[in-house]
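Reading through the structure tokens given below for one structure.
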């Protein structure tokens, strides 16, 4: 098939990495043209005919929110969509399907997809890594929330296929879409293609990679650190690419703060994984959350235990429950401490229990699922 992909970023951040892996997987089977705002790709794409970077007028997130609140959409998204439309007309390409990649506050690919699918008389699929608008708990039921909900319903209701990053997120998105003819399915954020097998760790380093923000908090982890240091003073807590609010450190004394290391964001985490003793995932401090952390897709591919702090009825609970090498606990400092203690005193060396979850997140499995839905919609 000939596929047109519209996105605002490839690589460079968590959504962009997922989009990059999907493009890579799809390009093994299809001929692809890509239009993007940013291209930070590191992959080799087998059958990508072209990746065209189309300039975009960007602005801070709160400005985008104001535009959606006042105008019902960001006009610069619409401008980008029309610039892409003009380039497509010059290419005179024919496509079997258009796929728009979507993330929070990155809607230009979706708007362009809706416009182009009508002009080219082509089916439109959309894949969103985020729930839009962010569910209550992450956001509040205010005028912006309702405006964003109305905006996203208007555009997502025009797609033929909607993929979301897990079932709970898909159910949330479906709950306010009026179009009942959409084909829905789950497409998980894909894992990297290769397992990472490292030598046994020599230090008790607990590693967290990614951002800390809003209802994803470190306060329970910091209190657990205080407890574990009393028994294992050599424990260290490392963060990569994390901006932690200064007030979170106020509960720690000087010795406890010395056990924490914070490193800048990097694309290549291999050296951090290799030194780590255990990988940490922190979900939102709310019940019934719809997000599955994208970092877990990387974590499961390493021979390191995973400590997952998560809420009740979370996607993490549903998908990874009962896997011995993935220790799950509530947002509770004592539970986190006991998990840290357990993994130190009873080292985990067998990771074969992850076979099914690795298969679930594999790019081959995901691309086959996308292909099935695309063919189903075409027939």
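Let's test the formula: R0 of 25 Å, r as the Cβ-Cβ distance of residue 271 and residue 313. What FRET efficiency results, to the nearest 0.05?
My answer for the efficiency is 0.10.
If I model a spin label at residue 349 and residue 66 as a point 7 Å from the Cα along the Cα→Cβ vector, what separation in nanometres do I get?
6.0 nm
Classify the range 158-223 as rounded, prolate or oblate, taking a ≥ b ≥ c as the square roots of the eigenvalues of its Cα gyration tensor: rounded when a/c is under 1.5, otherwise prolate if a/b is larger than b/c and oblate if not.
On the way: a/c = 4.88, a/b = 1.87, b/c = 2.61.
Oblate, because a/c is 1.5 or more while a/b does not exceed b/c.
Which FRET efficiency, nearest 0.05, do residue 43 and residue 226 yield, Cβ-Cβ r, R0 25 Å?
The calculated FRET efficiency here is 0.05.
Spin-label point model (7 Å from Cα, Cβ direction): what's the residue 197 to residue 368 distance in nm?
So the label points at residue 197 and residue 368 sit 2.3 nm apart.
Under a point spin-label approximation (7 Å from Cα along Cα-to-Cβ), what is the residue 141-residue 358 distance to one decimal in nm?
It is 4.5 nm.
Cα axis of helix 108-120 to longest principal axis of the chain: angle in degrees, 0 to 90, nearest 10?
For helix 108-120, the angle is close to 30 degrees.
In which sequence would 359, 230 go, from the one with the fewest C-beta neighbours within 10 Å to the one with the most?
By the 10 Å Cβ count, ascending: 230, 359.
Mind checking the full-extension length gain between residue 248 and residue 377? Use 0.36 nm per residue of separation minus the Cα-Cα distance, one decimal, nm.
Full extension of this stretch gives 41.5 nm more.
With a ≥ b ≥ c taken as the square roots of the eigenvalues of the C-alpha gyration tensor of the range 1-86, please select rounded if a/c is under 1.5 and otherwise prolate if a/b is larger than b/c or oblate if it is not?
The shape class here is prolate.
Once both axes come from the Cα atoms, what is the angle between helix 61-71 and the longest principal axis of the chain, in degrees from 0 to 90, rounded to 10?
Long axis of 61-71 versus the principal axis of the chain: about 40 degrees.
Roughly speaking, what is the stretch gain from residue 181 to residue 2, that is 0.36 nm per residue apart minus the C-alpha to C-alpha distance, in nm to one decimal?
Residue separation times 0.36 nm, minus the Cα-Cα distance, leaves 62.1 nm.
So what does the Cα-only Debye profile of the chain read at q = 0.08, 0.09, 0.13 Å⁻¹, as log10 I(q)/I(0), no solvent term?
One equal scatterer on each Cα of the chain leads to -0.43, -0.54, -1.08.
Report the convex hull volume per residue for the range 205-359, counting only C-alpha atoms, in Å³.
Per-residue hull volume (Cα only) is 109 Å³.
I'd like the orientation of helix 363-378 relative to the chain: the angle between its Cα long axis and the longest Cα principal axis, in ° from 0 to 90, rounded to 10.
30 degrees
Considering only 213, 277, 291, give the residue with the highest GNM mean-square fluctuation for the chain, with springs between Cα atoms whenever their separation is below 10 Å.
Fluctuation is largest for 213.
Computed from the coordinates by the stated procedures, all read-outs in this text should not be read as laboratory data. This one's a predicted model, so the numbers in the text were calculated from it and none came from an experiment. Neighbour counts run over all protein chains shown; Cβ positions are idealised from the backbone, glycine included.
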